[in-house]
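Colleague: This is the structure I have questions about; it appears just below.
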There are 2 protein chains.
Amino acid sequence: MSDPIQPAPGAVAKGPGVKSTGADDPGRAFHCHDHGHCTTEALGRAEALAAARGLRMTPVRRRTLEILLEQHRAMGAYEVLDRLAEDGFGKQPPVAYRALEFLVEQGFAHRIRRLNAFAACAHPGEAHRPVFLICTGCNAIAEAPGARVSEALKLAARDVDFAIDRASVEAVGLCPACQSAAPEIRA
Amino acid sequence: MSDPIQPAPGAVAKGPGVKSTGADDPGRAFHCHDHGHCTTEALGRAEALAAARGLRMTPVRRRTLEILLEQHRAMGAYEVLDRLAEDGFGKQPPVAYRALEFLVEQGFAHRIRRLNAFAACAHPGEAHRPVFLICTGCNAIAEAPGARVSEALKLAARDVDFAIDRASVEAVGLCPACQSAAPEIRA
DNA sequence: CTTGACATGTTATCTTATTACATACGATAT
DNA sequence: ATATCGTATGTAATAAGATAACATGTCAAG
């Protein structure tokens, strides 16, 4: 049960200009932050919400969320499955898919369609329409506030009389740290 | 070589309030329109653009685009592959994937991540950042102008210093016609 | 303690996508 | 006209992602 520590691997900037940020920073996945706290809080919130909704946060489900929370990146269902199997849970795809489905339904995790993968939600419980920012440099994923995007989307749909049920907005590019790093490579 | 006719199957509204629309209507996929013209034009533009770019619009590529153009909906790679095989082209996945990749790269088709599928571009050649509207009722797909959404997205990214490379905006819901049809079913 | 709803586990299968390698085609330069 | 090189096509094999169907286990209400 490796409980990975502070600077989450692959999600933490080391370069210059990196500032430590608090839990409410939208782009915190891209910066140094107290990841232990970040994890604990998300887990706690999920537990509380599940309880409040009369749902069961079972061992597989909790562990699945823990696994996703370890890093600020998306994981494929099979990657999650392997981890679960290591921990003594079932070894077959539905085990992972069901837990992930539950987490997504409850808003504790998100599905990143572009990557066919899943990522822990950074703001469980808060109604939000996140825009996903996917860094191709370090694979980190951040959720940016998507209220405005969502609004623009709604308008665009209304112009053609389309009734939106749900939407996904995913952008790939470079996080601040990888922008600093990449040019050296390209040059 | 079935050259599918006017009202594209699955893409054309039959209900009340349906108006015939011109080729420049953003949501035309959801309405009655001259699909033959719509197809011919897109194909012609693609040909011209390929030529202008010094690229080869080979038989598989052209046929692949034709297949996508038949209907205003997304098709899976294997569905396209089957059609290609019928026409005497190769029967293995790379045949379809390569042609589709070419079309997407050249902006003649789009990849709809949410559906793991592909759809012909409604505006080849015109620089545009489409928002995809996917109707769950009839599977039609329309491209709405995404300039504003794109702008909002850019701002959201800038707030966290993220450099967007490309983005996908996909909304699922009901097209005008299916909105009229659905309530009867639900009731 | 039984029952019913829900959760977990397994098998099997399906769909989507890629890697690797062989063959054919087409434009260019001899 | 033909050698050549880059590009396109074809095939086989397999990886990666996802679901259906069914059996078993668990927990809490009655």
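Every number here is computed from the coordinates shown, using simple stated rules; none is lab data. What you see is a predicted model; the values in this text were computed from it and never measured. When we count neighbours, we look across all protein chains shown, and the Cβ atoms used for this are built from the backbone with ideal geometry, even at glycine.
Colleague: What gaps in nm, shortest first, separate residue B:126 from its twins in the other copies when you place the label 7 Å past Cα toward the beta carbon?
Modeller: Those separations, rounded to one decimal, come out as 3.8 nm.
Colleague: Find the centroid of the Cα atoms in region A:133-186 and in region B:35-110, then give the distance between the two in whole Å.
Modeller: Centre-to-centre distance over Cα atoms comes out at 28 Å.
Colleague: Taking the Cβ of each residue in A:91, B:154 as the centre, tally the other Cβ atoms inside 10 Å and list the residues starting with the fewest.
Modeller: A:91, B:154
Colleague: Pairs of Cα atoms under 8 Å, at least six residues apart: use those to get the relative contact order of region B:28-186, whole percent.
Modeller: 22 percent
Colleague: Set the Förster distance to 35 Å, then compute FRET efficiency between residue A:151 and residue B:51 from the Cβ-Cβ distance, nearest 0.05.
Modeller: Approximately 0.30, to the nearest 0.05.
Colleague: Toward the positive end of the charge dipole of region A:28-186, about the Cα centre and with charges on Cβ (Lys, Arg +1; Asp, Glu -1), which of A:179, A:30, A:118 goes farthest?
Modeller: Farthest along the dipole direction, towards plus: A:118.
Colleague: Put a point 7 Å out from Cα along the line to Cβ at residue B:154; what are the distances to that point in the other copies, in nm, shortest first?
Modeller: 2.3
Colleague: Same structure, new question: Taking amide H positions as placed 1.01 Å from N in the peptide plane, with prolines and chain starts having none, which residues 5 or more places from residue A:138, or on another chain, fall under 5 Å of its amide H?
Modeller: Those lying under 5 Å, H to H, from residue A:138 are A:175.
Colleague: How many nanometers, to one decimal and shortest first, lie between the label point of residue B:94 and those of its other copies, if labels sit 7 Å from Cα toward Cβ?
Modeller: Relative to the other copies, residue B:94 has label-point distances of 3.6 nm.
Colleague: Sketch the reach of a paramagnetic label on residue A:159 as a point 7 Å from Cα along Cα-to-Cβ, and name the residues of region B:103-129 whose backbone nitrogen lies under 20 Å away.
Modeller: B:110, B:121-129, by backbone N distance to the label point.
Colleague: Given H placed on each backbone N at 1.01 Å, which residues far from residue A:112 in sequence or on other chains put an amide H within less than 5 Å of it?
Modeller: A:117, A:118, A:119
Colleague: I need the calculated FRET efficiency for the pair residue B:123 and residue A:79, taking r as the beta carbon distance and R₀ as 30 Å, to the nearest 0.05.
Modeller: 0.20
Colleague: Using only the alpha-carbon atoms, what does region B:28-186 span along each of its principal axes? Please give whole angstrom values in decreasing order.
Modeller: 47, 46, 29
Colleague: Here is a further query. Using the number of other C-beta atoms within 10 angstrom as an exposure proxy, rank A:164, A:141, A:67 with the fewest first.
Modeller: A:164, A:67, A:141
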